[in-house]
Amino acid sequence: SFVRGNGMEALEIVARLMELAAVTAPKSKGLNFVRTRVLTGNALQELAAAMVRFGERTGKKDFDRDARGVSRSGAVVLIGLKDAKPVGLDCGACGHPDCKSFEAQAKREKEFSGPACAFRLLDMSIALGSAAKTASLFNADNRIMYRIGAVARDMKLVDWDFVMGIPLAAEGKNIFFDR
C-alpha cells in the first residue's frame, strides 16, 4: 500500500503544510489564537483506542466509527483555539451583551471550554478550511472531525479550549466518507 511506503512521508509533509495554512489563515484583528499539532505513528492508534473508550464511557455514538478512520490514517492534524480573547465589538453573538460581560463569565468545561467569541470561532473555521483545502490540493483524503478534538482534550494531548481534528489518508477511496 502507498501509505505504508512513501505515502506516509508524503502525508506527514502535507500535515505540516496544513499547519502552515491554518496558522497563516486570516484572523480577526490580526491576532492569532489558533494552535496546531500533528499526530503520527503510535499516537494515532492510542487516539483511536481512546476514542472508542470515550464513546463507551459517555454513551455518545460514532466515536468507534471515527476511531476506525483514525486507526487507518497516516497523520492527524489537530487545530484549535487557546485563550482566545474576544475581538471587542460588543456584537452579542456569544450570547453576552458585551465583551466585558463575556470576559467576566467563568469558563465552563465539557468536551470543550467555553464560551467562545464568535469571531474567534470564525478564525478557527477559516483555519480549518484552509488546512482542509491544503490537504485537498495535494490529493490527501481528509475530513474535519469534532470527535477527534473532544478526545484529544480528554487525553490531555492538548490543553486548548476548542479543538478539531483532520485525519489524512492516501487510499484508493476516501476512507472518511465510506462509512
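The angle between the Cα long axis of helix 8-24 and the longest principal axis of the Cα atoms of the chain comes to about 10 degrees, rounded to the nearest 10. Taking a Cβ cut-off of under 12 Å around A50, the surrounding Lys, Arg, Asp and Glu residues balance to a net charge of 0, with basic ones at +1 and acidic ones at -1. About its Cα centre, the chain has a charge dipole of approximately 160 debye under the convention of +1 per Lys or Arg Cβ and -1 per Asp or Glu Cβ, with nothing else charged.
Rounded to the nearest 20 debye, the dipole size of segment 26-122 about its Cα centre is 140 debye, using +1 on the Cβ of Lys and Arg and -1 on the Cβ of Asp and Glu. Our coupling estimate for segment 51-58, obtained by passing each phi through the Karplus curve with A = 6.51, B = -1.76, C = 1.60 and θ = phi - 60°, is 5, 4, 4, 4, x, 5, 5, 8 Hz, Gly and Pro reported as x. Annotation: extensible slack from K82 through R16 equals 21.8 nm (criterion: 0.36 nm per residue apart, minus Cα-Cα distance). Starting from the Cα of K60, draw a straight line to each of the lysines and keep only those under 30 Å, dropping any in the same chain fewer than 8 residues away. By straight Cα distance, K60 reaches K82, K107, K110, K133, K156, K173.
For R35, the residues 5 or more places off, or on other chains, whose built amide H falls under 5 Å of its own are G80, L81, K82. All alpha carbon pair distances within segment 128-179 were sorted into 10 Å bins beginning at 0; the resulting P(r) in whole percents reads 25, 45, 27, 3. For K61, a cut-off of 18 angstrom between C-alpha atoms picks up these aspartates and glutamates, skipping any fewer than 8 places away in its own chain: E111, D154, D178.
The residue list G74, I166, A118 was ranked by how far each Cα lies along the charge dipole of segment 53-179 toward its positive end, using unit charges on Cβ atoms, and G74 comes out on top.
Each reported figure results from applying straightforward, stated rules to the coordinates on display, with no laboratory input. Since the structure is predicted, the reported quantities are computational estimates derived from the model, not experimental observations. Because the Cβ atoms are built from the backbone with ideal geometry, glycine has one as well, and the counts that use them run over all protein chains shown.
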